[in-house]
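Q: Mind looking over this structure? Questions follow.
The values are calculated or read from the model by the stated rules, or taken from the named source; none is laboratory data. No experiment lies behind these values; they were computed from the predicted model shown. Neighbour counts run over all protein chains shown; Cβ positions are idealised from the backbone, glycine included.
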Amino acid sequence: MTSTAFQRQLREVTEIAGNHVRVGERWLLNLASNNYLGLANDPRVEQAAIQAIQRWGTGTGSSPLLSGFTSLHQEMARTICGWKTGSARLNTAETHSGSKPAPLPSTAEIRALLFPCGYSANLAAMTVLLEPNAQVFADRKNHASLVDGLRMAKSERPEMSTRYFRHRDFADLERLLEQSDSHRPRWIVTDSVFSMDGTCTRPGDIGALVERYNANVLIDEAHATGVMGSDGAGLFSYASSTNAPGLWSQGRPKFAVVGTFSKALASIGGFFVGPAELVERMIQKARPLIYSTSLNPGSVAAAMAAIQWTIAEPWRRETVQRHSATLHSELTQQGWKTIGDPDAPLLAVVVGDHLAAQQLADALMEVGIWAPAIRPPTVKPQECRVRLSPTATMTPDEIQSVLSAFATVSKKIRNGRVT
Ligand SMILES: Cc1ncc(COP(=O)(O)O)c(C=O)c1O
């Protein structure tokens with residue numbers, strides 16, 4: 001088969017040493033991983049996984065609804081709830097910023113559920129939570145798993161409608177909400193940090209629209225988990241949502257959150273957090289939960305240890321945010337078009353068509369930097385890009401080496417092509 005510019009390839013990593021990986025004969029600084037906090041090769045996290053495997057075995061061999069829900073899974077669900085509601089912090093009395101934990105605005109019971117991965121958690125949320133006549137308002141740049149979940153939901157709900165609003169354009173969202181039917185349920189569905197742009201949604205704006213249009217919200221916190229918000233608990237924590245009071249109605253939250261352990265939390269596995277009655281509906285109906293084997297104990301324990309170190313070591317999220325902001329400002333100075341919010345853990349360098357992006361990624365690889373080209377259908381044909389996700393454990397020198405690599409490559413660019 002002949003290879004085309006769009007053909008995807010599996011590249012074998014033969015060795016990993018800290019933030020460097022070996023691919024073929026070459027050692028590369030890895031800007032292609034979402035191991036944002038550098039916990040995936042932290043000995044304490046590795047040890048937690050080893051101990052859990054020794055105690056619980058390597059696999060549960062069963063769906064959580066049969067024998068696959070162990071005390072370890074239960075403890076993890078409680079840990080996530082504690083994190084997302086701010087109560088995990090109550091033991092430490094003060095946060096790194098010296099502020100006291102924000103009180104929960106209600107006594108609403110918040111619960112969590114674990115899934116094999118973030119993708120399946122999103123499929124579950126979309127196929128279970130939406131009512132048969134729901135009206136869904138989704139950001140155009142939402143992750144593929146939300147898009148696929150909506151497609152599945154729609155396939156069994158002929159009366160459901162889905163409208164996409166312009167990326168992070170809350171005026172456009174309001175225009176669609178205004179046109180909608182006030183007698184039918186409304187759901188806003190959005191990523192909190194967008195995976196290919198490094199942009200963040202704004203809880204305050206979403207909350208105001210939720211209040212005005214009596215909507216519900218489902219948020220995918222995959223890239224915010226561990227990095228953004230108080231204690232790294234995400235942008236939509238149940239503790240800090242007092243900043244967006246519209247997200248609450250009569251002491252009850254109008255939002256639910258999906259996330260993953262596969263990025264900052266150094267493991268694999270998905271989670272859903274929300275009001276107890278939604279969690280109960282998921283247990284009864286979510287096919288990705290019912291018909292799939294529960295998470296293996298090593299992965300659960302690794303993610304649980306990662307949450308512990310995320311809370312205890314705020315320098316990790318502060319450093320990754322600083323690296324991201326440095327890359328933004330220095331690359332912009334070099335003349336590159338960067339996009340994303342500087343406090344997000346990732347950014348994109350937009351270069352044009354798919355060939356320009358692939359050539360840039362290849363040229364960076366030549367000088368020791370692994371940063372993937374992102375091409376259609378993931379992004380629009382003229383918005384192809386190279387995506388950079390730094391890691392907290394990268395040194396300032398390593399970040400400088402990324403900047404030097406871009407400077408070297410930019411000297412070789414003629415008419416948008418690397419020569
Ligand atoms: C925004 C977003 N949501 C969901 C997922 C899926 O998470 P997981 O890798 O755990 O399936 C990803 C990861 O690729 C993502 O970027």
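Q: Any idea which of I283, I268, I290 is within 16 Å of the ligand (Cβ to nearest atom), surrounded by fewer than 24 Cβ atoms within 10 Å (Cβ to Cβ) and hydrophobic (A, V, I, L, M, F, W, C)?
A: From the options I283, I268, I290, the qualifying one is I268.
Q: Another question, if that's okay. Name, by its number, the condition in (1) at pLDDT 95 or above; (2) touching a helix residue (DSSP H, G or I) at 6+ places or on another chain (Cβ under 8 Å) that does not hold for Q321.
A: Going through the list (1) at pLDDT 95 or above; (2) touching a helix residue (DSSP H, G or I) at 6+ places or on another chain (Cβ under 8 Å), Q321 breaks only (2).
Q: Return yes or no: is D181 surrounded by fewer than 19 Cβ atoms within 10 Å (Cβ to Cβ), at pLDDT 95 or above and more than 29 Å from L347 (Cβ to Cβ)?
A: For D181, the condition - surrounded by fewer than 19 Cβ atoms within 10 Å (Cβ to Cβ), at pLDDT 95 or above and more than 29 Å from L347 (Cβ to Cβ) - is met.
Q: If I filter the range 175-190 down to residues being free of Cβ contacts under 8 Å to residues at least 60 places away in the same chain and under 25 Å from the mean Cα position of the chain (by Cα), which single residue comes out as farthest from the ligand (Cβ to nearest atom)?
A: R186
Q: I've got another one for you. Take the range 190-233 and flag every residue that is of a type in the set (D, E), surrounded by 21 or more Cβ atoms within 10 Å (Cβ to Cβ) and over 18 Å from Y119 (Cα atoms).
A: Scanning the range 190-233 gives D197, D231.
Q: Right, here's the next one. Among the candidates V258, V273, V227, single out the residue that is under 15 Å from the mean Cα position of the chain (by Cα), touching a residue at least 40 places away in the same chain (Cβ under 8 Å) and assigned to a loop (DSSP other than H, G, I, E, B).
A: It is V227.
Q: Here's something else I'd like to know. From (1) outside any helix (DSSP H, G or I); (2) assigned by TED's automatic domain parsing to the domain that holds T201, pick out the condition that doesn't hold for A301.
A: Checking A301 against (1) outside any helix (DSSP H, G or I); (2) assigned by TED's automatic domain parsing to the domain that holds T201, the one that fails is (1).
Q: Select, from R111, R163, the only residue that is away from the ligand (no atom under 16 Å from the Cβ), closer than 19 Å to L278 by Cβ and among the charged types (D, E, K, R).
A: Result: R111 is the single residue among R111, R163 that is away from the ligand (no atom under 16 Å from the Cβ), closer than 19 Å to L278 by Cβ and among the charged types (D, E, K, R).
Q: Please find, among A153, A171, A239, A244, the residue that is free of Cβ contacts under 8 Å to residues at least 24 places away in the same chain, away from the ligand (no atom under 15 Å from the Cβ) and not acidic (D, E).
A: A171
Q: Inspect the range 106-122 for any residue being at pLDDT 95 or above, small (G, A, S) and loosely packed, with under 14 Cβ neighbours inside 10 Å and give the result as yes or no.
A: No, the range 106-122 has no match at all.
Q: So Q250 clears everything in (1) more than 12 Å from the chain's Cα centre (by Cα); (2) buried (at least 24 other Cβ atoms within 10 Å of the Cβ) except one condition, right? Which one?
A: Checking Q250 against (1) more than 12 Å from the chain's Cα centre (by Cα); (2) buried (at least 24 other Cβ atoms within 10 Å of the Cβ), the one that fails is (2).
Q: Here is a follow-up. Return the residue satisfying two criteria in turn: it lies in the range 211-224 and is outside any loop (DSSP other than H, G, I, E, B) and among the aliphatic types (A, V, I, L, M), and of such residues it is nearest to I268 (Cα to Cα).
A: Among residues in the range 211-224 that are outside any loop (DSSP other than H, G, I, E, B) and among the aliphatic types (A, V, I, L, M), the one nearest to I268 (Cα to Cα) is I219.
Q: Using the structure shown, decide if D172 is surrounded by fewer than 17 Cβ atoms within 10 Å (Cβ to Cβ), in the same structural domain as A125 (by TED's automatic domain parsing) and more than 20 Å from the chain's Cα centre (by Cα).
A: no
Q: Does T260 satisfy the criteria of being within 16 Å of the ligand (Cβ to nearest atom), of a type in the set (S, T, N, Q) and in contact with a strand residue (DSSP E or B) (Cβ under 7 Å, 6 or more places away or on another chain)?
A: yes
Q: Restricting attention to the range 191-228, which residues are farther than 12 Å from A244 by Cβ and away from the ligand (no atom under 15 Å from the Cβ)?
A: R212, Y213, N214, A215, N216
Q: Applying the selection to the range 348-372, what residues are assigned to a helix (DSSP H, G or I), in contact (Cβ under 8 Å) with a residue 40 or more places away in the chain and either of a type outside the set (D, E) or more than 14 Å from F406 (Cβ to Cβ) (or both)?
A: Across the range 348-372, the qualifying residues are H354, L355, A356, Q358, Q359, L360, A363, L364, M365.
Q: Still on this structure: Going through the range 398-419 one residue at a time, which ones are within 25 Å of V320 (Cα to Cα) and in contact with a helix residue (DSSP H, G or I) (Cβ under 7 Å, 6 or more places away or on another chain)?
A: The answer is I399, V402, L403, A405, F406, V409.
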